[in-house]
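Shown next, in structure tokens, is the structure this report addresses.
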Amino acid sequence: SFFYLTLCRSTINFPLSLFIGPQLNAQLEGWLSQVQSTKRPARAIIAPHAGYTYCGSCAAHAYKQVDPSITRRIFILGPSHHVPLSRCALSSVDIYRTPLYDLRIDQKIYGELWKTGMFERMSLQTDEDEHSIEMHLPYTAKAMESHKDEFTIIPVLVGALSESKEQEFGKLFSKYLADPSNLFVVSSDFCHWGQRFRYSYYDESQGEIYRSIEHLDKMGMSIIEQLDPVSFSNYLKKYHNTICGRHPIGVLLNAITELQKNGMNMSFSFLNYAQSSQCRNWQDSSVSYAAGALTVH
């Protein structure tokens, strides 16, 4: 396990198994230094949650767009991989400990979310087992280190939501997305292809299998860039692409739709795409990663 729980049980430690603090810090610094930041700071990012060896350099493209000088609260929306969940769940701890420094959970915002009656509580076991939020914590700490005592995090585990639930949660989170001092981190890998994932869609007209996977992913990414939750749902129904963060992405798209109704002008751009390996035959498998940023105009 990646984790170690302190006795007080108000803190979860995240010593990412292969790294210790200084090595991890140097690695994150290296990836971030190779990436350009865009003109406007991100209000939301989509970034992967696999092992950093596979997706660390891809994730840097999203985290480079974070402006620590204006960011005071970071909502981290990750899909539930291990427990069946039909709603969203909140952590039961106060602090997540990373190899860089501790991240404080915003109990005031948690209180507001609890009051809606729309959330469940994550058990400590679920919190420990789930990597979709965990893998974003060191990157969040690194991106924010120049203002490390001035922000809090709001981790949210997102279940297998129906389209109407994605709308409800999108509406709920839209008021937080409207605030320029908030940042949303949406945790998702893209296509999981191969027999071990029980998914082997292949469009031969695209050439080799990995090209077909890229074409499929980029179709979905292009729909996300259009900021249209209905088209994204229809794409998933048609191709069944194994995008594990589809529900957090759906919540974000619905939050954006809500703000657009009120005249807010936003755009989303994907900045990087990568695959863990290039599939060429039916025995191969791969996971795809994409990093992008939402900006407000």
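The values are calculated or read from the model by the stated rules, or taken from the named source; none is laboratory data. Being a predicted model, the structure only gives us computed values, none of them experimental. All Cβ positions, glycine included, derive from the backbone under ideal geometry; neighbour counts span all protein chains shown. With ligands, DNA and RNA removed, areas are computed over all heavy atoms of the protein, side chains included. Shrake-Rupley method; radii C 1.70, N 1.55, O 1.52, S 1.80 Å.
Might you check whether a residue that is in contact with a Pro (Cβ under 8 Å, 6 or more places away or on another chain) and under 20 Å from ALA274 (Cα atoms) occurs anywhere in the range 110-132? Yes: the range 110-132 contains one or more residues that are in contact with a Pro (Cβ under 8 Å, 6 or more places away or on another chain) and under 20 Å from ALA274 (Cα atoms). Of all residues in the range 181-189, at least one satisfies being modelled with pLDDT of 95 or more, on the phi < 0 side of the Ramachandran plot, surrounded by fewer than 22 Cβ atoms within 10 Å (Cβ to Cβ) and touching a strand residue (DSSP E or B) at 6+ places or on another chain (Cβ under 6 Å). One residue stands out among those in the range 89-105 that are open to solvent by less than 40 Å² (accessible area, probe 1.4 Å) and under 15 Å from GLN125 (Cα atoms): the one that is farthest from the chain's Cα centre (by Cα), which is VAL93.
Hey, does the range 194-208 have a residue that's under 19 Å from the mean Cα position of the chain (by Cα), surrounded by fewer than 23 Cβ atoms within 10 Å (Cβ to Cβ) and at pLDDT 95 or above? No, because not a single residue in the range 194-208 is under 19 Å from the mean Cα position of the chain (by Cα), surrounded by fewer than 23 Cβ atoms within 10 Å (Cβ to Cβ) and at pLDDT 95 or above. Of all residue pairs spaced 6 or more apart or on separate chains, those with beta-carbon atoms under 6 Å, a first member in the range 32-55 that is farther than 23 Å from THR257 by Cα and a second member that is hydroxyl-bearing (Ser, Thr, Tyr) and in a loop (DSSP other than H, G, I, E, B) are TYR54/SER276.
Here THR257 does not qualify as surrounded by 14 or more Cβ atoms within 10 Å (Cβ to Cβ) and in a loop (DSSP other than H, G, I, E, B). Among residues of the range 259-275 that are free of Cβ contacts under 8 Å to residues at least 60 places away in the same chain and of a type in the set (S, T, N, Q), those with a beta-carbon under 9 Å from a residue that is part of a strand (DSSP E or B) and open to solvent by less than 50 Å² (accessible area, probe 1.4 Å) at least six positions away or on a different chain give the pairs GLN260/MET266; ASN265/VAL296; SER267/LEU294; SER267/THR295; SER267/VAL296. Among residues of the range 103-117 that are at pLDDT 95 or above, none has a Cβ under 7 angstrom from a residue that is open to solvent by 80 Å² or more (accessible area, probe 1.4 Å) and outside any helix (DSSP H, G or I) at a sequence gap of 6+ or on a separate chain. Where strands (runs of 3 or more DSSP E) fall wholly inside the range 27-116, the ranges with 1 or more residues that are hydroxyl-bearing (Ser, Thr, Tyr) are 95-97. Within the range 128-176, restricting attention to residues that are more than 19 Å from LEU252 (Cα to Cα) and small (Gly, Ala, Ser), which residue is surrounded by the most Cβ atoms within 10 Å (Cβ to Cβ)? Here the answer is ALA143. HIS82 meets all of the listed conditions (1) open to solvent by 10 Å² or more (accessible area, probe 1.4 Å); (2) more than 24 Å from SER276 (Cα to Cα) but one, namely (2).
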